[in-house]
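Just below is one structure, and these are the notes that go with it.
Every number in this text was worked out from the coordinates using simple rules, so none of it is lab data. Being a predicted model, the structure only gives us computed values, none of them experimental. Reconstructed Cβ throughout: ideal geometry from the backbone, glycine too, with neighbour counts over all protein chains shown.
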């Protein structure tokens with residue numbers, strides 16, 4: 001497995017543990033529909049939360065959350081639409097980003113709630 005895949009999986013595990021510690025119920029991990037993927041889908045207080053996890057080892061090119069660009073947001077929204085349809089969810093949804101800056105065994109986590117509202 002490629003090093004970047006290992007890094008991403010470590011970041012997702014850290015994000016999942018963080019969310020669970022805050023009372024989120026993790027519904028799905030790496031949920032896919034066709035070529036679309038959502039890292040984590042969680043539930044809390046009647047809201048389904050679609051979470052993009054971005055993990056990096058440095059900030060030379062920006063913060064991890066900076067990599068959730070308009071294109072990625074649109075893909076997440078498409079996946080969310082399909083998930084909502086399949087689950088017949090009729091309540092509120094939200095899009096969060098969990099940014100993990102990982103150095104050796106230490107990390108800095110930034111949970112950005114309601115990070116964006118899908119475009120188009």
Using only the alpha carbons of segment 67-120, determine the length spanned along each of the three principal axes and report them from longest to shortest in whole angstroms.
41, 21, 16
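For the chain, what is the mean residue ellipticity at 222 nm derived from helices alone (per DSSP H run of n ≥ 4: -39500 (n - 2.57); sum divided by total residues; nearest 500 deg cm²/dmol)? Don't jump to the answer; show the numbers that get you there.
Values: 2 runs with 37 residues, N = 120.
Value at 222 nm, helices only, nearest 500: -10500 deg cm²/dmol.
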Using only the Cα atoms of segment 21-64, each taken as one equal point scatterer with no solvent, compute I(q) by the Debye sum, divide by I(0), and report log10 of the ratio at q = 0.32 Å⁻¹.
-1.06
Once you have the Cα-Cα distance between residue 17 and residue 113, take 0.36 nm times their residue separation minus that, and quote the gain in nm to one decimal.
33.0 nm
What nm value, rounded to one decimal, do you get for the distance between residue 71 and residue 47 when each label is placed 7 Å out toward the C-beta?
2.9
In Å, the Kirkwood estimate of hydrodynamic radius for the chain over Cα pairs equals 14.6
